[in-house]
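Here the structure is laid out as structure tokens; the discussion comes afterwards.
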Amino acid sequence: MRARALVLGILSSTAVLAVGWQLGTQGETQPAPDAVAASTAGTSTPGTPTVTPDATSTPAPSASASAAATAAPAATPTPTVAGGVSGTFTGTSVQTRFGPVQVQITVADGTITDVTALQLTDKDQRSVSISNRAAPVLRQEVLTAQSANVQGVSGATYTSDGYLSSLQSALDQAGL
Amino acid sequence: MTLRTAPSPGSRTRRAPGPVDRARRIRTRRRLRAADLMVALVWASVAAAVALWLASGGLNAVTDAASALTAAGIVTGLIGTDLILVMLVLAARIPAIDRVVGQDRAIAFHRQLGKPALYLILAHGALLTVGYAMADGSNVVTETISLFQGPDMALAYLGLGLLVAVVITSVVAVRRRFSYEAWHLVHLLSYAAVLVALPHQLSAGGVLADGTLQRVYWIGLYVLAFGAIAVFRFAVPALRSARHGIRVAGVEQIAPGVVSIHLEGRELNRLGTAGGQYAIWRFWTGVTWWHAHPISFSAVPTATSARITVRDLGTGSAAIGRVRPGTRVSIEGPYGVFTEAHRVAPKLAVVAAGIGITPIRSLLEHSGLRPGEATVILRGTDPTQSYLWNEIGDLPGMRGNAVYTMMGARPHGLATWMSAEALSRGVTISTAFPDLLNSDLYVCGPQSWTDLVIRDARAAGLPEAQIHVERFDW
């Protein structure tokens, strides 16, 4: 009878694991409802998780920033010559379970020249350190791809989702 | 050995398997199937813990050493917590579990899971701290301090500390350096340990995020485990105690250190006690109210009365021998599978030693025995250990069944359950029970003695399903 218990146990465990694995590999993770999933942010293979602290894009996830975070997206487009739109565009503040995320882009002549994180996930120490690690990587990827169509940073799923989602709304305002 | 009652003349004829045996076979098959399903369920719950992590896309997050350590930390935490919840369910005294495998085997399994679960939880903390430290490029100490400042993490560390305390006291208690009562109080801390760990499971990490099925399942597990405990360990015993209004009717000293406690109450027959079962009793006096004791019924309860018999094994049970008539008593139970319901074979072989006679007495009283069906051996070192022996032969069901007594010390330096005298006469378990292989063997006595009986029974070729043991330990 022990043998039957063993077989039953192995079979049921395998079935349960297979279902879990299937759910996990079915593309996306299930996003939390309050975190607006960026259309492009998958959790699939990451790009280059080489963490290089970038001085130009120090994220400042301070508590004071959260007051301004919910302000309406501000855009200051400058009418320009033929090449394309220029100016700074602020994305919407995206709520995640580890805090709101909001980014601002600088566009010159239709090209994204900089991405600044106005606010990043900062619910606790751990979130802050994840944000500090993810932001430079995300910024670099966006500047290279010139779109929100980049891979998120592994181990920073929520930060990546919020970042790219806010970025997309900024891009929409810029008409890029 | 001395023959106490004459076997009936017809006892030698082999009985053809009748409808009783067929019913017994069907019942056994059902029970084994239920037991196998329960084992499979435990397996599946462990797999489900891993599946939660897989379903949240956990595999995709593993890219380097740091994330691999973090992932291992998450998985060990999930499995460890799942095992602890399984342990709570095993200790919740759920009637279905008691009926199928018996509370003693459930607790034995509970005990086996204790250390692995603790190791998994310790690994969970260590792996995540190292994994985070590597990812952040900091060191373990800084990371621990930073983790501690997280919202629910201080509680989680508290839970870990409590868990360590519970397991250590259990391991020490098993070695008898701790009194049962003190151990029991510390053990109640495990409920707190599991509960305070819940907030960080729900708030940290992404596996059990808001609105996911994983979160619903996980909270469901907690509700199941704590619900089972609330219902079967607290609500049911409280209601049952209130309903039956049990009080001590009298205390009867039947041997040095051995007392029979006569109880009275309402509708005690509706407790549904089967012969051979025990209950966990709490006597509401100033010195005994805070600890409960498992004590076997030494007689099947009638509508208004019940009897339990106990030997003082610890300070707690010694105090029980001094309770006054009229003392209120609460009951948890009855529990136990040392009953007729678990019989699988046509004949019955019974060995009892010392205080082990108590469940044997009520088992034999409750069994509808045919003449020649049962053979009973009562074992004692000296005449002071022959309590309740005189009642065995007088039981109505024992008419035409043989009761032998085997009195005397065991020989020095020999591992045997028999007296030196019986051994010198060449008695073995097979000569003592001539039809052993066609019998259910019921053994009750001190642990080491019981083990020796079982050793001999196995050596004689008795299948495991036909061996029934009631252990008097906790």
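Applying the condition of being surrounded by fewer than 22 Cβ atoms within 10 Å (Cβ to Cβ) and aliphatic (A, V, I, L, M) to region A:123-171 and asking which residue is nearest to B:Ala66 (Cα to Cα) yields A:Val128.
Of all residues in region B:143-150, none satisfies being touching a Lys or Arg at 6+ places or on another chain (Cβ under 7 Å) and farther than 30 Å from A:Asp122 by Cβ.
Within region B:52-64, not a single residue is more than 8 Å from chain A (Cβ to nearest Cβ), in a helix (DSSP H, G or I) and either of a type outside the set (Lys, Arg) or in contact (Cβ under 8 Å) with a residue 60 or more places away in the chain (or both). Residues that are on the phi < 0 side of the Ramachandran plot, surrounded by 19 or more Cβ atoms within 10 Å (Cβ to Cβ) and aliphatic (A, V, I, L, M) do occur in region B:335-346. Within the bounds of region B:172-180, is there any residue that is among the charged types (D, E, K, R) and closer than 22 Å to B:Ser296 by Cβ? There is at least one residue in region B:172-180 that is among the charged types (D, E, K, R) and closer than 22 Å to B:Ser296 by Cβ.
If I filter region A:14-27 down to residues being more than 7 Å from every other protein chain (Cβ to nearest Cβ) and surrounded by 13 or more Cβ atoms within 10 Å (Cβ to Cβ), which single residue comes out as modelled with the lowest pLDDT? If we take residues in region A:14-27 being more than 7 Å from every other protein chain (Cβ to nearest Cβ) and surrounded by 13 or more Cβ atoms within 10 Å (Cβ to Cβ), then A:Thr25 is modelled with the lowest pLDDT.
Any residue at all in region B:119-128 that's within 14 Å of chain A (Cβ to nearest Cβ), surrounded by 21 or more Cβ atoms within 10 Å (Cβ to Cβ), touching a residue at least 60 places away in the same chain (Cβ under 8 Å) and farther than 30 Å from B:Ala465 by Cα? Looking through region B:119-128, none of the residues is within 14 Å of chain A (Cβ to nearest Cβ), surrounded by 21 or more Cβ atoms within 10 Å (Cβ to Cβ), touching a residue at least 60 places away in the same chain (Cβ under 8 Å) and farther than 30 Å from B:Ala465 by Cα. Among the residues of region A:116-140, those identified as more than 14 Å from chain B (Cβ to nearest Cβ) and either of a type in the set (D, E, K, R) or in contact with a strand residue (DSSP E or B) (Cβ under 8 Å, 6 or more places away or on another chain) (or both) are A:Thr116, A:Ala117, A:Leu118, A:Gln119, A:Leu120, A:Leu138, A:Arg139. Scanning region B:270-300 for residues that are more than 15 Å from the chain's Cα centre (by Cα), of a type in the set (Ser, Thr, Tyr) and crowded, with 20+ Cβ neighbours inside 10 Å yields B:Thr273, B:Thr288, B:Ser298. Checking every residue in region B:390-413 against the condition of being closer than 30 Å to B:Phe109 by Cβ and of a type in the set (Gly, Ala, Ser) gives zero matches.
Checked against the criteria, A:Thr113 does not count as assigned to a helix (DSSP H, G or I) and either within 14 Å of chain B (Cβ to nearest Cβ) or not acidic (Asp, Glu) (or both).
For region B:269-284, state whether one or more residues are hydrophobic (A, V, I, L, M, F, W, C) and over 18 Å from B:Val236 (Cβ atoms). The answer is yes, given that some residue of region B:269-284 is hydrophobic (A, V, I, L, M, F, W, C) and over 18 Å from B:Val236 (Cβ atoms). Note down all Cβ pairs under 6 Å where the first residue falls in region B:225-252 and is charged (D, E, K, R), the second is assigned to a helix (DSSP H, G or I), and they're at least six residues apart or on different chains. Matching pairs, first to second residue: none at all. From the list B:Asp456, B:Asp440, the one residue that fits, being touching a helix residue (DSSP H, G or I) at 6+ places or on another chain (Cβ under 7 Å) and assigned to a helix (DSSP H, G or I), is B:Asp456.
For region B:177-206, the tally of residues that are at pLDDT below 85 and within 14 Å of chain A (Cβ to nearest Cβ) stands at 4. Candidates A:Ser154, A:Ser127: the one that is touching a Phe, Trp or Tyr at 6+ places or on another chain (Cβ under 7 Å) and at pLDDT below 90 is A:Ser127. Whether a residue is modelled with pLDDT under 90 and either within 14 Å of chain B (Cβ to nearest Cβ) or closer than 30 Å to B:Pro463 by Cα (or both) was assessed, and A:Pro77 does not pass this test. Checking each residue of region B:181-192 against the condition of being touching a residue at least 12 places away in the same chain (Cβ under 8 Å), surrounded by fewer than 18 Cβ atoms within 10 Å (Cβ to Cβ) and in contact with a Gly (Cβ under 6 Å, 6 or more places away or on another chain) gives at least one match.
The rows are residues; the columns are (1) touching a strand residue (DSSP E or B) at 6+ places or on another chain (Cβ under 7 Å); (2) modelled with pLDDT of 90 or more.
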| residue | (1), (2) |
| --- | --- |
| B:His342 | yes, no |
| B:Ala349 | yes, yes |
| B:Gly397 | no, no |
| B:Pro411 | no, no |
| B:Arg425 | no, no |
| B:Leu436 | yes, yes |
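The single condition among (1) aliphatic (A, V, I, L, M); (2) within 14 Å of another protein chain (Cβ to nearest Cβ); (3) without any contact (Cβ under 8 Å) to a residue 24 or more places away in the chain; (4) surrounded by 15 or more Cβ atoms within 10 Å (Cβ to Cβ) that B:Val216 does not meet is (4). Whenever a residue of region B:255-268 is surrounded by 19 or more Cβ atoms within 10 Å (Cβ to Cβ), its partners that are assigned to a helix (DSSP H, G or I), lying with C-beta atoms within less than 8 angstrom and at least six residues away or across chains, give the pairs B:Val258/B:Ile355; B:Val259/B:Ile320; B:Ile261/B:Ile320; B:Gly265/B:His244; B:Leu268/B:His244.
What number of residues in region B:38-51 are without any contact (Cβ under 8 Å) to a residue 12 or more places away in the chain and more than 7 Å from every other protein chain (Cβ to nearest Cβ)? Total satisfying the criteria: 1. Quick check: is even one residue across region B:81-101 closer than 26 Å to A:Tyr158 by Cα, part of a helix (DSSP H, G or I) and away from every other protein chain (no Cβ under 14 Å)? For region B:81-101, residues closer than 26 Å to A:Tyr158 by Cα, part of a helix (DSSP H, G or I) and away from every other protein chain (no Cβ under 14 Å): present. Being outside the structural domain of B:Gln277 (by TED's automatic domain parsing), among the acidic types (Asp, Glu) and assigned to a helix (DSSP H, G or I) is a description that applies to B:Asp451.
The values are calculated or read from the model by the stated rules, or taken from the named source; none is laboratory data. Since the model is a prediction, treat every value here as computed from it, not as a measurement. Heads up, the Cβs are rebuilt from the backbone with ideal geometry, glycines too, and the neighbour counts pull from every protein chain shown.
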